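Engineer: Sending over a structure as structure tokens; questions will come in a sec.
The values are calculated or read from the model by the stated rules, or taken from the named source; none is laboratory data. From a predicted model like this one, the values you see are computed outputs, not experimental measurements. Reconstructed Cβ throughout: ideal geometry from the backbone, glycine too, with neighbour counts over all protein chains shown. Accessible surface is based on the protein model in full, side chains and every heavy atom, while ligands, DNA and RNA are left aside. Shrake-Rupley method; radii C 1.70, N 1.55, O 1.52, S 1.80 Å.
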Amino acid sequence: MELPSRPLDDQLLPNGELESIRKRLRPLAAKHDLTTVIACAFDHRTRMLPFIHADLRMAPAGARAIGSALVDSGFSKTRIVLQQWNRNFRPSQMRLDGRLPDLFLVSSMGLHTAACKEMIRDIGLVEPSRRPLVIAGGSLCIFEPWVVFYPTAADLAVTGEEYVLLNLLETLLSGRAGGEPLRQTFLRARDSGALDSIPGLVYGRTDPAGNVLGLVNTGVQRLVGNLDELPMPTAGYGILEPPSRRATLASRPLEAGLVRKQSQIGSLAITFGCKFSCEYCPIPAYNQRRLRGKSGARVREEISLLYSQYGLRYFFGTDDNFFANPDRSLEILESLAGAQSNGVALRKVIRWGTEVTVHDTLGMREHLPLAHRAGVRAFWLGVEDMTGALVRKGQTTDKTLEVFRLLRQQGICPMPMMMHHESQPLVSRGSARGLLNQVSRLRRAGAVSLQVLMLTPSAGSRSYDRMFESGLVYRSAGGRPVLPRMYDGNYVIACGQGRPWRKQFNIMAAYMFFYNPLRLIADLAWRRGRVGFKPAGMQIIGMWALTHTIRRTLGWAMRLMLGKIERYSAAPASPFPMRPPKQ
Ligand code: B12
Ligand code: SF4
């Protein structure tokens, strides 16, 4: 089911409220001297195409945004631990400023559920009177908050963004007695109903032994409308835990000079939201059907600061559809095209890419030279099925190929994102329906990389429940249960067809067709044009990543072929009753 929207006149925070709460918190923070650790959950078994480089080489924006918000609001004793770089991290052993932190925050995507739960279990080993307040957040909690309440329960799930956490901290610190453990303050605030007026929280109702009896959901968050009110992302990079194999924390965060080495790509929240409404995508509903964004001046300032402070040169916009609001996109591109950093034209030193749709890119065709001048070198395009057989968002075969041609002409790499589905054959005769037919055409039109994911149920989307109820989604195959980490589009876990293993092999075939030594030679020898050796570089990364994809998914393909498949008849739901706060 999609997330509900707030009433139209109550979806946004009042203008200036985010800036104002940041100011209000600073004196409170100075009085309370809190220490906080934010851990980003990462299940290393998810490492394969098409994300295998970006997953470790791009410090995630979500955990960094929360860290920046805390530091900016005066909570300077904050550290961000990325399981991507610190896989042995054990929260029960962490110490910051010589003590167990007051707050332990976990950020997780749905597919990293196992890693997230393991950290919550581990911090649960600390005896309750000394335990930090445990708060989970990120896309896992936004769409399925109940998941973090079993088998060991977090104290709270935040189903929203920075503001929700700051609002919670303001409420807690305003009622905190002396130096009492923050968790104790939380329990008192929870039981007195003080949290019920903060939209964007889910907390447990517990018995005296701490067992969860039910959940209270305070409702959908109010969104920050003007993203220029967000704290600068620079602080988040300054509090990253250095990579290590230890279970504990280092005495100091990663040095500024080493940030670029670990996080070669800087992810940057520029805009949020999309004007389309694909039934398998939860993004429009999450954004309450709004398009939000930063101003051109703000994006320029962020990039300049990240470049001058940390030497970051490569950026990835976390946009859902950068061209969704053409006026805003143009303003941002113009601002970047004319920007200087310490006397150097920014466009000469920075390179970036982001996600767009075919339809909107075609609408911006005359501005593509400007995009190149603004430093854009790659666009990831949601092509899905070129023929529009899966979803219609204005793309056709001709339009897609035209967009690819235009982008290549301007020296911008087209990076298609395709979605394989059960009615799509591997090869078709006399039409562009087949997966390989489409990959081949995209390749000839200049695609530099390739993403092929199987249509998979995504929590919070319109089609989610229906896919389970119609018996499409697998519970297990060949005795192996379908785990959360397999909801990444790389595994065929939902298919009505009799021979799903063919779909699994189709994905491998599409990648092998695209990434192979012959293509590498071709890319090195000719067809370079304005994109230079980037296609050849992508071939090398792609072939290496493909070995991981095959290694991880081949066994699953065999189970689909030889084993018994068991299916769900309903979507997974909260094992606890969930209710709104008492009025
Ligand atoms: C950038 C991105 C990626 C990058 C991430 C790289 C990186 N290391 O950062 C790449 C391209 C690698 C990627 C890959 C995948 N992604 Co992705 N990705 C995104 C995208 C577009 C932006 C994420 C982002 O950085 N946003 C900006 C930050 C600021 O927002 P945020 O992360 O939501 O964090 C905010 C809140 O959630 C909250 N918050 C976050 N953590 C915490 C913690 C606490 C304690 C609190 C209080 C609050 C809080 O506050 C933050 C600030 O506002 C989102 C869509 C979206 N718009 O969110 C999808 C999204 C996160 N991806 C998704 C998925 C499914 C995937 C893939 C599985 C591929 C796929 N099938 O689409 C792979 C997984 C790869 C892997 N092994 O991890 C889903 C996750 C769904 C879910 N239920 O978890 C999303 C939501 C898109 C969707 N389909 O709906 N992705
Ligand atoms: S175009 Fe992309 S971001 Fe927009 S609704 Fe469709 S899948 Fe989601």
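Engineer: Any idea which residue in segment 17-36 is surrounded by the fewest Cβ atoms within 10 Å (Cβ to Cβ), counting only those that are in a loop (DSSP other than H, G, I, E, B) and in contact with an Asp or Glu (Cβ under 7 Å, 6 or more places away or on another chain)?
Structural biologist: Of all residues in segment 17-36, those in a loop (DSSP other than H, G, I, E, B) come to 33-35.
Of the ones still in play, those that are also in contact with an Asp or Glu (Cβ under 7 Å, 6 or more places away or on another chain) are 34-35.
Working: L34: 24, T35: 22.
It comes out as T35.
Engineer: Ok, one more. From the list I80, I135, exactly one residue is over 19 Å from R188 (Cβ atoms), in contact (Cβ under 8 Å) with a residue 24 or more places away in the chain and assigned to a strand (DSSP E or B). Which is it?
Structural biologist: Details: I135 fails: over 19 Å from R188 (Cβ atoms).
Sole residue among the options that is over 19 Å from R188 (Cβ atoms), in contact (Cβ under 8 Å) with a residue 24 or more places away in the chain and assigned to a strand (DSSP E or B): I80.
Engineer: Follow-up. With respect to A29, determine if the residue is away from ligand 1 (no atom under 16 Å from the Cβ) and either touching a residue at least 60 places away in the same chain (Cβ under 8 Å) or assigned by TED's automatic domain parsing to the domain that holds P282 (or both). Working first, answer last.
Structural biologist: Numbers: away from ligand 1 (no atom under 16 Å from the Cβ): yes; either touching a residue at least 60 places away in the same chain (Cβ under 8 Å) or assigned by TED's automatic domain parsing to the domain that holds P282 (or both): yes.
Taking the combined requirement at face value, the residue satisfies it.
Engineer: Out of the helices (runs of 4 or more DSSP H) lying entirely within segment 365-449, which hold 3 or more residues that are open to solvent by 20 Å² or more (accessible area, probe 1.4 Å), within 30 Å of I303 (Cα to Cα) and not hydrophobic (A, V, I, L, M, F, W, C)? Give the derivation first.
Structural biologist: Working: elements: 368-373, 397-409, 435-444.
Answer list for segment 365-449: 368-373, 397-409.
Engineer: Tell me the helices (runs of 4 or more DSSP H) entirely within segment 241-325 that contain at least 2 residues that are within 12 Å of ligand 2 (Cβ to nearest atom). Write out each step before concluding.
Structural biologist: Values: elements: 256-262, 283-286, 296-310.
Result: 283-286.
Engineer: Taking segment 85-113 as the search range and keeping residues that are in contact (Cβ under 8 Å) with a residue 60 or more places away in the chain and open to solvent by 50 Å² or more (accessible area, probe 1.4 Å), which one is nearest to ligand 1 (Cβ to nearest atom)?
Structural biologist: Only one residue fits best here, namely M109.
Engineer: Moving on to the next point. Hey, does segment 255-268 have a residue that's in contact with a Ser or Thr (Cβ under 7 Å, 6 or more places away or on another chain), surrounded by fewer than 19 Cβ atoms within 10 Å (Cβ to Cβ) and among the charged types (D, E, K, R)?
Structural biologist: no
Engineer: Quick check on segment 2-20. Is at least one of its residues within 16 Å of ligand 2 (Cβ to nearest atom), hydrophobic (A, V, I, L, M, F, W, C) and under 22 Å from the mean Cα position of the chain (by Cα)? Before you say what the answer is, go through the steps one by one.
Structural biologist: Quick first cut of segment 2-20, residues within 16 Å of ligand 2 (Cβ to nearest atom) only: 2-3, 5.
Right, trim to hydrophobic (A, V, I, L, M, F, W, C) and you get 3.
The next check asks that each one be under 22 Å from the mean Cα position of the chain (by Cα); those that pass are 3.
Yes: one or more hits.
Engineer: Just need a number here: residues in segment 229-248 that are more than 20 Å from the chain's Cα centre (by Cα) and either among the aromatic types (F, W, Y) or open to solvent by 20 Å² or more (accessible area, probe 1.4 Å) (or both).
Structural biologist: 8
Engineer: What are the pairs, 6+ residues apart or on separate chains, where a residue within segment 317-337 that is touching a residue at least 60 places away in the same chain (Cβ under 8 Å) has its Cβ under 7 Å from a residue that is away from ligand 2 (no atom under 13 Å from the Cβ)?
Structural biologist: As it stands, the answer is T318/A61; T318/S267; T318/L268; T318/A269; I332/I270; I332/G296; I332/V299, since those pairs meet every condition given.
Engineer: Separate question: Given the criteria open to solvent by 40 Å² or more (accessible area, probe 1.4 Å) and not acidic (D, E), does R47 qualify?
Structural biologist: Values: open to solvent by 40 Å² or more (accessible area, probe 1.4 Å): yes; not acidic (D, E): yes.
Yes; evaluated as a whole, the condition is true for this residue.
Engineer: Something else about it: As an exercise: evaluate S192 against (1) surrounded by 19 or more Cβ atoms within 10 Å (Cβ to Cβ); (2) more than 30 Å from L333 (Cα to Cα) and give the number of the one condition it does not meet.
Structural biologist: Evaluating S192 over (1) surrounded by 19 or more Cβ atoms within 10 Å (Cβ to Cβ); (2) more than 30 Å from L333 (Cα to Cα) leaves (1) as the failure.
Engineer: Would segment 312-319 turn up any residue that is near ligand 1 (Cβ under 10 Å from one of its atoms), in contact with an Asp or Glu (Cβ under 8 Å, 6 or more places away or on another chain) and in the same structural domain as P416 (by TED's automatic domain parsing)?
Structural biologist: Keep residues of segment 312-319 that are near ligand 1 (Cβ under 10 Å from one of its atoms), which gives 316-319.
Narrowing further to those that are in contact with an Asp or Glu (Cβ under 8 Å, 6 or more places away or on another chain): 317, 319.
In the following step, the residues that additionally are in the same structural domain as P416 (by TED's automatic domain parsing) were identified as 317, 319.
The answer is yes; a qualifying residue exists.
Engineer: Test each condition in (1) of a type outside the set (F, W, Y); (2) over 20 Å from the mean Cα position of the chain (by Cα); (3) modelled with pLDDT of 95 or more for Q221 and report the one that comes out false.
Structural biologist: So Q221 meets the others, but not (2).
Engineer: May I pose another question? Taking the condition of being open to solvent by less than 10 Å² (accessible area, probe 1.4 Å), among the aromatic types (F, W, Y) and over 26 Å from the mean Cα position of the chain (by Cα), how many residues in segment 478-513 meet it?
Structural biologist: 0
Engineer: Which residues, taken from segment 345-364, are within 16 Å of ligand 2 (Cβ to nearest atom) and loosely packed, with under 15 Cβ neighbours inside 10 Å?
Structural biologist: G363, the sole residue that qualifies.
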